[in-house]
Structures are given as structure tokens and as C-alpha cells.
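Here's the structure we're looking at; comments come further down.
Bear in mind these aren't lab numbers, they're just calculated from the coordinates by the rules spelled out. Remember, it's a predicted structure, so these values are computed and weren't measured experimentally. With ideal geometry, Cβ positions are generated from the backbone for all residues, glycine too; neighbour counts draw on all protein chains shown.
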Amino acid sequence: MFKRGLLMTAVMATALMPLVGCSSDDDKAVDTLQVSDGMGTGALDGTETYGSDATGGVTPGSQQDLVVNVGDRVFFGYDRFDVSPEGQRVLEMQAEWLKRYPNNNVTIKGHADERGTREYNLALGERRASAIKNYLVALGVPSTRINTISYGKEQPAVMGSNEDAWAQNRRGVTEVD
């Protein structure tokens, strides 16, 4: 059943290919044909797009909208949980976004790099998530709309034992519930 649906999608995509135009800009950007198998929207390369509307655009108020138009993460310094000026700018935009979509609740996920004990990093991740929550609340977002959780070092965004990887793993991520 699944293979048949995939085959039908591929046949339809091939038939529609002449209708897909290419950008004539100097950057040679190519428009992506979006196809639907009834279980989500995906590009011909097999990637899935969640939070998209029927036209292939970003659905207002979705996680994808937050990621694309505002930013979903704040990064922290080594062994720090204070929000940097760059992080403050992201959180100011998140607060405005949350005010625009008052029915959305979010969970702030605190993370740490691989250095330190599991217990220490869980506590540090919680302090990072709480710092983000407190900043959003200070900007007028009701605390009842924000949950926090810490993953410590258990869910790295980037694998590796170097400063570049560690810097990307020291983060707080806002996720729409």
C-alpha cells in the first residue's frame, strides 16, 4: 500500500515536472515541487515539511513559522545560564510571536555540552530553560503558557568533542506544544 502510494506520487510528480519553473535570479535558486501523500507534505527529495499550508508556505503559528521567522534557539556560554544580548534579541522576537498567537503554549528545552557529570548538566540545562522562561515572562508572556524541561547533555544537536560542537550544544530550544 505504501509503495503504491509512493509510486503514484512519483508518477504525478514526473507528470507535473514541466509545470515547475526555475528562478531566473543570479543565485540560480530552484523552486521545489511539493507533493502530498496524505500524511504530510514532502519535497521530491523525500524530505518532509511539517507546519506547511496547502500552498507549500509556512503555516502561521506553527513550529516551522517560529523557526523560520523568529528563531527557536538561544545559545549560552560555557558553564553559563545568563541570556546574552543575541539571545535577548531572539527572545524579544519570540515574545512578540507568542503574543500574536495567544493559543500557543511552548516548552523550553535546556541543553548542555558533553563536559561535566550527567547530574550537573541536567541542573545546568534546567537553569538555562528557566532563564529563558523568566525572560519571556518579563516581556509579558504568561508563565502558564511556558513549560521547561532539561535534557542536560543527553540530546546533543551536534556530535563532536570540540569547541564548535560544544557551542551549538549549549542551548535552549523553544518548541510549540
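According to the square roots a ≥ b ≥ c of the eigenvalues of the Cα gyration tensor, what is the shape class of the stretch 70-155, taking rounded for a/c under 1.5, prolate for a/b larger than b/c otherwise, and oblate for the remainder?
prolate
Report the charge-dipole magnitude of the stretch 75-177 in Debye, nearest 20, computed about the Cα centre from +1 at each Lys and Arg Cβ and -1 at each Asp and Glu Cβ.
Its charge dipole is roughly 280 debye.
Could you check the spin-label model distance between SER84 and SER143? Points 7 Å from the Cα along Cα→Cβ, value in nm.
In this crude spin-label approximation the distance works out to 2.8 nm.
Quick one: Karplus J couplings for the stretch 152-161, per residue in order, coefficients 6.51, -1.76, 1.60, θ = phi - 60°, nearest Hz, x for Gly and Pro?
x, 9, 6, 10, x, 7, 10, 7, x, 10
For ASN105 and MET159, calculate 0.36 nm times their separation in residues minus their Cα-Cα distance, and state this gained length in nm to one decimal.
Full extension from ASN105 to MET159 adds 16.5 nm.
Ranking request for peptides 160-170, 120-130, 65-75: highest mean number of other beta-carbon atoms within 10 Å first, then the rest in descending order.
So the peptides 160-170, 120-130, 65-75, ranked by packing, come out 120-130, 65-75, 160-170.
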